1. From the residues in region A:181-224 that are buried (at least 16 other Cβ atoms within 10 Å of the Cβ), more than 19 Å from A:G45 (Cβ to Cβ) and β-branched (V, I, T), which one is farthest from the chain's Cα centre (by Cα)?
2. Considering B:L239, B:L255, B:L172, B:L244, which residue is in contact with a helix residue (DSSP H, G or I) (Cβ under 7 Å, 6 or more places away or on another chain), within 30 Å of A:R89 (Cα to Cα) and not in a helix (DSSP H, G or I)?
3. Condition check: out of contact with any Lys or Arg (no Cβ under 9 Å at 6 or more places or on another chain) and closer than 19 Å to A:K174 by Cα. Does A:I55 satisfy that?
4. Scan B:D68, B:D56 and give me the residue that is of a type in the set (D, E, K, R), exposed (fewer than 14 other Cβ atoms within 10 Å of the Cβ) and in contact with a helix residue (DSSP H, G or I) (Cβ under 7 Å, 6 or more places away or on another chain).
5. Could you give every pair whose Cβ atoms fall below 7 Å, whose first residue belongs to region B:291-317 and is closer than 22 Å to B:P256 by Cα, and whose second residue is of a type in the set (G, A, S) and part of a helix (DSSP H, G or I), counting only separations of at least 6 or pairs across chains?
6. Looking for whichever is outside any helix (DSSP H, G or I), modelled with pLDDT under 90 and more than 14 Å from chain A (Cβ to nearest Cβ) here; the options are B:L295, B:L261, B:L274. Which one fits?
7. Could you look through region A:173-206, keep only residues that are in a loop (DSSP other than H, G, I, E, B) and at pLDDT 90 or above, and pick out the one that is nearest to the other protein chains (Cβ to nearest Cβ)?
8. Go over the candidates A:G237, A:G231 one by one and state the one that is among the small types (G, A, S) and touching a helix residue (DSSP H, G or I) at 6+ places or on another chain (Cβ under 8 Å).
Amino acid sequence: MSNAVLRVNNLDVEYHTDAGAVKANNHVTFELRPKERLGLVGESGSGKSTLALAILRMIRPPGKIAGGEVWLDGVDLTKISDEEMRRMRGNEISMVPQGAMNSLNPVMRIEDQIIDGMVDHNLGLSRSVMKEMAAEALRAVDLDPKVGRSYPHELSGGMKQRACIAISIVMTPKVIIADEPTSALDVVTQRQVMQTIGKIQDQMGSAVILIGHDMGLMAQFVDRIAVMYAGRMMELGTVKDIFTDALHPYTQALIDSLPVLANRGIFNGLPGITPSLLDLPTGCVFNTRCSKVMDICTQKVPPLREHAPGRFAACHLLE
Amino acid sequence: MSFSYVVRRILLVFLVIWSAATLNFFIPKITPRNPIREKLLEQASRGGYIPPGFEDMVQSYEKRFGLDQPVWKQYLTYLNEMAHFNLGYSISNFPKTVPELIGQSIWWTIGLLSVTTILTFLIGTLLGALMAWQKSSFVIRNILPGILVLSAVPSFIVGLLLIYFVAFKWKLLPLGGAYDATKLPVFNASFVLEIIRYATLPALAFILTTAGGWAIGMRGMMVTVQGEDYMTFGEAKGLKDWRLFYKYAVRNALLPQVTGLAIAFSYIVGGSVLVEVIFRYPGLGTLLANAIRQLDYFLIYGIVFILTVAIGIAMFIIDMIYPLLDPRIAYEGN
């Protein structure tokens, strides 16, 4: 497992609020293998997007990375200088943004928004070469290269999202973090965009982290799934294992909450809401909603451990 | 930029000029004062007695200026004359014409205030942008209270303070005027330097009190823009800081400021009357202040009309520039 392209080790992210410090990410640990597609799921507020921003080292005050390591190909991103980190972004590790509708600068042509990132990375390329690369990136996301001459307001939502993908892949990064790339799109466009991401990834050989809460989408797209809850990693395993034999009660509850056509009208939702990060229960953070809660769950935090080859979970039931 | 966009903007300019001209006509008419009688009385009192036939004289002058006509007729004549840029004679400086008087003072005002307004805009906007930028130094990000205090002080107060300390006590710069009135003006390099020296204090009074407004407006916009998704994505692209600042944040936050600049040009005279008066600056503001004091209808009409046309044209130019700044504008109404 040492060949991981990205290795996140005990990452802590804290936000300082008037009511005290909260840990939006608490000892998050996982690995991303080359060419792998990893899904990162969890409810709103579980720390998925925080994790994405923390990997890119873009947490803004009052938040900060309070501890842990982020290794990208032998470099600890938490230790390098701001300027070195800036050079990493876009070039080695890139992001496909969440809100495609507003993620493009409204006063710049698409082409210029693809090129300016390359210019700032001093790739030593001429303007015409970069223009050709921009056109190539647009073709790769199934857009007409003529779109490069357009302004964002002239494009549809799906086209904007494709343009964003073109921007994030143009420098062939090793890791692409896609933060709910399709949440603002209709299901048809969603499918097309996901296929595009998959196709590009196959061609470039990048590894992808797909953040989202659509379990159906995850089942179709990713190789492995990581489940987060209240800032902690609960379970990590292959799609097949997770869907057929989830180890953690929270994962099981998530899967059970998927509507089934045969039982129309019956929703097996998860009762209760995510606990406030300011007021987490002692012991396992899930103990307030868990159907299999035991005494030890309210006393001790279960460690994330490999219970079977490649299957990680943090639950006392498995200890 | 579409043809219909340009046509609509031109029509708007005419509408603005017409409405302003109409207001301009009626407002001075509200007062019951009679400027001709006042002027003649003033001259007569200098002679020590009111000559016989004084009322006839008043009436014949009123007739000459067309003030004996009913108001609606005066209004139509006025519109017609204005449309032909026929600004007529000044009442208080008769027989000087209004264009003559405006011509003498307008360049002083334009010279002083267009330069000052643009300087203020640039300084204030840049300051405001830096105040909101998260990577600015601690000092710049926390000068807001000082800026707020300065922008709340009227410019004539700052002007008086500057006159007292800089010009009167320390004798660093002249007290007032536009150039050394004791010498015959010869147009050469040293005369230009002299003009700049004389203009420094009024300009400073203006910059100190209005830059803050620009800074606060820009700061607000920058805070909003920095929360936009394209800023996050821009950072994730690994853009350099200066590019994120100028091309992403400032470029988008600037748009309302540019509209503000067009409006600021309209204050070039209106907003600077007091500054011009206390610095005895021979500009349009001083001329307008005198015209209002003496109820010189035609001089008021002339000055305000010229200003309105200038503002109309300035607005039009800004409207034409706007689509270049924000590509979304030109498509409005399509």
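1. Step by step, filter region A:181-224, then rank; the result is A:T189.
2. On the way: B:L255 fails: not in a helix (DSSP H, G or I); B:L172 fails: within 30 Å of A:R89 (Cα to Cα); B:L244 fails: not in a helix (DSSP H, G or I).
Just one listed residue meets the conditions, B:L239.
3. Numbers: out of contact with any Lys or Arg (no Cβ under 9 Å at 6 or more places or on another chain): yes; closer than 19 Å to A:K174 by Cα: yes.
Here the answer is yes, as A:I55 does meet what is asked.
4. On the way: B:D56 fails: in contact with a helix residue (DSSP H, G or I) (Cβ under 7 Å, 6 or more places away or on another chain).
Selected residue: B:D68, the only one of B:D68, B:D56 that is of a type in the set (D, E, K, R), exposed (fewer than 14 other Cβ atoms within 10 Å of the Cβ) and in contact with a helix residue (DSSP H, G or I) (Cβ under 7 Å, 6 or more places away or on another chain).
5. Filtered contacts from region B:291-317: B:T308/B:A20; B:T308/B:A21; B:I311/B:S266; B:A314/B:A262; B:M315/B:A262.
6. Details: B:L261 fails: outside any helix (DSSP H, G or I); B:L274 fails: outside any helix (DSSP H, G or I).
Unique residue meeting the criteria: B:L295.
7. So the first thing to find is which residues in region A:173-206 are in a loop (DSSP other than H, G, I, E, B), and the list is A:173-174, A:180-186, A:205-206.
Still in the list and also at pLDDT 90 or above: A:173-174, A:206.
Details: A:P173: 10, A:K174: 14, A:S206: 15 Å.
Looking at the filtered set, the residue picked out is A:P173.
8. Numbers: A:G237 fails: touching a helix residue (DSSP H, G or I) at 6+ places or on another chain (Cβ under 8 Å).
Only one candidate qualifies: A:G231.
The values are calculated or read from the model by the stated rules, or taken from the named source; none is laboratory data. What you see is a predicted model, and the numbers here were worked out from it, not measured in a lab. Reconstructed Cβ throughout: ideal geometry from the backbone, glycine too, with neighbour counts over all protein chains shown.
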